[in-house]
């Protein structure tokens, strides 16, 4: 397992780019590296409330979706079985848990993270997931608009505007590409 044995003061400059980008990024992946300066208990970042809550969400102000790295990686073997590791990662602040191979373990993983003690945490994760979905929908719509503007004639563009205006006058808001 990777470990970064530097004091927090020496890690501070490494956080600056992340702080600058934290409000622009919709999602991040949290790896399994150890950061003893942030979590003296030597938990991997994926399982560490100090790293995810204290550094990522607190100090860096990131409020997007946090994906775990693959929860089946050997680096996490000493931290319990797969459902136990997933519960710990979810409780620590990972919103999306990457389980990449052992699909038969998913029912127990879901049962573990559905524990009533994690209800507020689940609400936070669902809010972030909904925000991320909306962001993806917006980006897709913007891409479709740019493609349309690049690949169509002026007449086709004007016709699209006329169709949209007609739909608005009729009380609908959908366009012909919806």
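Readers should treat all values here as calculations from the given coordinates under stated rules, not as data from a laboratory. Note that the coordinates shown come from a computational prediction; the quantities given were computed from them, not determined experimentally. Here the Cβ positions follow ideal geometry from the backbone for every residue, glycine too, while neighbour counts run over all protein chains shown.
Tell me the angle of helix 154-169 to the major Cα principal axis of the chain, expressed in degrees between 0 and 90 and rounded to the nearest ten.
Helix 154-169 sits at roughly 80 degrees to that axis.
Let me know the shape class of the stretch 13-71, please: from the alpha-carbon gyration tensor, a ≥ b ≥ c as square roots of the eigenvalues, rounded when a/c is under 1.5, otherwise prolate if a/b is greater than b/c, or oblate.
Oblate is the answer for the stretch 13-71, as a/c is 1.5 or above yet b/c matches or exceeds a/b.
Please give the peptides 89-100, 149-160 ranked by average Cβ packing (other Cβ atoms within 10 Å per residue), highest first, as a rough proxy for protection.
Averaged packing, sorted descending, gives the order 89-100, 149-160.
Connecting C-alpha atoms closer than 10 Å in a GNM of the chain, tell me which of 143, 128, 162 has the biggest fluctuation.
162
Using a Gaussian network model of the chain with C-alpha springs under 10 Å, which one of 87, 134, 167 is most mobile by mean-square fluctuation?
The residue with the greatest mean-square fluctuation here is 167.
Please list 49-55, 120-126 highest first by mean number of surrounding beta-carbon atoms within 10 Å per residue.
Taking the mean over residues of other Cβ atoms within 10 Å, the ranking is 49-55, 120-126.
With each run of n ≥ 4 DSSP H residues scored as -39500 (n - 2.57), what mean residue ellipticity at 222 nm is computed for the chain after dividing by its residue count and rounding to the nearest 500 deg cm²/dmol?
-15500 deg cm²/dmol
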